[in-house]
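Novice: Before we start, here is the structure in question, set down as structure tokens.
Just so it is clear, none of the values below were taken in a lab; they were calculated from the coordinates. This one's a predicted model, so the numbers in the text were calculated from it and none came from an experiment. We place every Cβ from the backbone using ideal geometry, glycine too, and count neighbours over all the protein chains shown.
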Amino acid sequence: MADTPVLAMSGISKRFGAVEALADVGLDVYPGEVVALVGDNGAGKSTLIKVIAGVNPADSGEIRWQGRPVQITKPADATGLGIATVYQDLALCDNLDVVANLYLGRELTRSLVIDEIAMERRARELLVSLSVKIPSVRLPAAGLSGGQRQSVAIARSLLGDPKLVLLDEPTAALGVAQTAEVLDLIERLKQRGLGVLLISHNLADVKAVADRVVVLRLGRNAGIFDQRRTSQEEIVQAITGALDNAVTRRRARSAATGGGGLAGAPEPGATATGATEPGSTPAGSTGPGSPASGSGPGGTGGPAGTGGPAGTDGGADSPKPEERT
């Protein structure tokens, strides 16, 4: 992995009126690395992607591209730097074939005429290099499966020779087999040395392809994790805020001070305050046979007040049997 990130962001903030969508967010992506951007709905993931893509420029913060500061104020700025974005809606035209969808808006021409032969040849070469399996490049997009449509959209993003690819929920509406195809394609992008920023709610997909995981919560950084050294539970805790609640902080303090149990609980084998050892005499009581012990001729031998009304203990002052009612 290169020493300099292809994209480095720090202090990124974005407001929409009174709503603070992003607050002091930081992020970096290295060449040949897949970074997963995760978080609950409303965490700011899509807003951050649009900041990088130039759709919604940041209000403040710094963006560095391959080590140098840059300004991204419109989509053309991002495209010129080498940033390609594949949105969740894919933006494919169902009535056009694969070749036309790949080159839509950037058709190859020869003598002012669209060069269909060159576009078809290059489209086939691109799809083969990415191991995308499509019956024919002349098949309309409407006849493709969900995984094939996603693969075509990702392949189209590579025509501009980007250095960073942004993928917004690429497996959201796919089945198991189609998801596997897209994840394999993401791995191939990584092998080509591209940086990949992947938005996903599926932590199984994240675990399959991501090198690092960036968690956003309420528009702020909630953690950056090395996926190989982090459990799924830790990531979920960061997403939900469980790492920053009173119970978790109390447990962390208890672990730091060497205490593992509940506050005030006795150690194993210890006697709780007010309890007596087996066979011992309760505090304040005297031995057997004494007047205060509650045991005498015919007495019950229990704590004071048991076996009869308060103040009776089965001793000389107890009522005779014939007097009991």
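Novice: If the limit is 28 Å between Cα atoms, which of LYS74/LYS133; LYS45/LYS74; LYS45/LYS133 go over it? The partial results should precede the final answer.
Specialist: Numbers: LYS74/LYS133 34 Å; LYS45/LYS74 18 Å; LYS45/LYS133 31 Å.
Beyond 28 Å between Cα atoms: LYS74/LYS133; LYS45/LYS133.
Novice: What is the dipole size for segment 170-232, taken about its Cα centre, with +1 at each Lys and Arg Cβ and -1 at each Asp and Glu Cβ, in debye to the nearest 20?
Specialist: Details: 9 positive and 6 negative charges, 61 e Å.
Its charge dipole is roughly 300 debye.
Novice: What is the fewest-to-most order of ARG64, ARG212, ARG229 by other Cβ atoms lying within 10 Å of their Cβ?
Specialist: Values: ARG64 16, ARG212 20, ARG229 7.
So the ranking, lowest neighbour count to highest, is ARG229, ARG64, ARG212.
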